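Quick notes on the structure that follows.
The values are calculated or read from the model by the stated rules, or taken from the named source; none is laboratory data. Keep in mind that what you see is a predicted model, and the values were worked out from it rather than measured. Because the Cβ atoms are built from the backbone with ideal geometry, glycine has one as well, and the counts that use them run over all protein chains shown. With ligands, DNA and RNA removed, areas are computed over all heavy atoms of the protein, side chains included. Shrake-Rupley method; radii C 1.70, N 1.55, O 1.52, S 1.80 Å.
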Amino acid sequence: MTFAKAELLPPKQLRKQAGTWLKELRAKAGLSQIQLAKILGLKYYTFVSQVENGFGRVPVESMEAWANALGVDSSHFAKHLIQFYEPELHRLLFEVKR
Amino acid sequence: MNVVNFPLGSATEAPDGWRHAELQRLTNACSVYLPSGQASGWELGETDCGDPQFYLLGPAPEQDCILSISRLGRVYVLEDGSGRIILEHDNLLLFAEQAATVLRNKKRAILAQIAAAWCAMREFYEERIEPALAEPVEVISHFASPLGALA
């Protein structure tokens, strides 16, 4: 699966974009916020909403679980999220030519 | 930053499914952390099911969510920006008080981190720098040969 490149925006707006993207992935996977939270082992689904609304971030330690729950490749998922959460790190890792 | 005004004594409905009284309590509990720069403001939102959420935001430019407060039915849930549940309560008054305590503790945690870093620096200074300064002849002789080579 290929994902569109994130634009360079302030951190808050990038997180909002990440949230929108995650919401789209969840919709494609046919899951509700409650169902996704259940798969992730969360007691409440409020954190899923927090992330999708662009306020929270998917923690690094649970990126693989999110990717698996959403049915996408975990490596591509993490790489794409870093583009939103840590754009400079993403640029250095994947865009700067050696 | 969203600055939300809540007219006192107005109708019970407020933005995103919150009640004015609830928001007033939550903003009162959180607003003391704005002047110190610990928080830069708050925003409101809701879940897909329409449950209201209140997000306390950290300093700019990141403005990460420090705390998120949600109302699920009668229960208020307080989580941090990583989804860890800090507090669950069905009494808003007690919840707001405990949320304020969590914030105070967070401030203490930051101060403790600074103190720990300062102690580590101090230890490094006492262990490495002070002995070096106490033995000036040794230091001079240590630097003498490279300096001589540069001359």
Just need a number here: residues in the range B:43-68 that are more than 9 Å from chain A (Cβ to nearest Cβ) and either part of a strand (DSSP E or B) or under 20 Å from the mean Cα position of the chain (by Cα) (or both). 8
For the range A:30-39, how many residues are part of a loop (DSSP other than H, G, I, E, B) and more than 9 Å from chain B (Cβ to nearest Cβ)? 2
Among the β-branched types (Val, Ile, Thr) and farther than 22 Å from B:Gly45 by Cβ, is that true of A:Val48? no
Scan the range A:53-67 residue by residue and report those that are in a helix (DSSP H, G or I) and closer than 12 Å to B:Gln53 by Cα. none
What's the number of the only condition in (1) surrounded by 19 or more Cβ atoms within 10 Å (Cβ to Cβ); (2) within 13 Å of chain B (Cβ to nearest Cβ); (3) free of Cβ contacts under 8 Å to residues at least 12 places away in the same chain that A:Ala27 fails to meet? (1)
Give the number of residues within the range B:56-87 that are open to solvent by 20 Å² or more (accessible area, probe 1.4 Å) and of a type in the set (Val, Ile, Thr). 4
Looking at A:Leu70, A:Leu42, which is the one that is modelled with pLDDT of 95 or more, under 22 Å from B:Tyr55 (Cα atoms) and either open to solvent by 40 Å² or more (accessible area, probe 1.4 Å) or more than 12 Å from chain B (Cβ to nearest Cβ) (or both)? A:Leu42
Given the conditions (1) away from chain B (no Cβ under 11 Å); (2) touching a helix residue (DSSP H, G or I) at 6+ places or on another chain (Cβ under 8 Å), and given that A:Leu14 satisfies all but one, which numbered condition is not satisfied? (1)
Looking across the range B:27-45 at residues that are within 12 Å of B:Ile69 (Cβ to Cβ) and in contact with a strand residue (DSSP E or B) (Cβ under 8 Å, 6 or more places away or on another chain), the single one that is modelled with the lowest pLDDT is B:Cys30
Counted residues, the range B:1-25 - those being open to solvent by less than 40 Å² (accessible area, probe 1.4 Å) and at pLDDT 85 or above: 4
Could you please find all residues in the range B:44-55 being buried (at least 20 other Cβ atoms within 10 Å of the Cβ) and not hydrophobic (A, V, I, L, M, F, W, C)? B:Gly45, B:Thr47, B:Asp51, B:Pro52, B:Gln53, B:Tyr55
Consider the range B:82-105. How many of its residues are at pLDDT 85 or above and among the β-branched types (Val, Ile, Thr)? 2
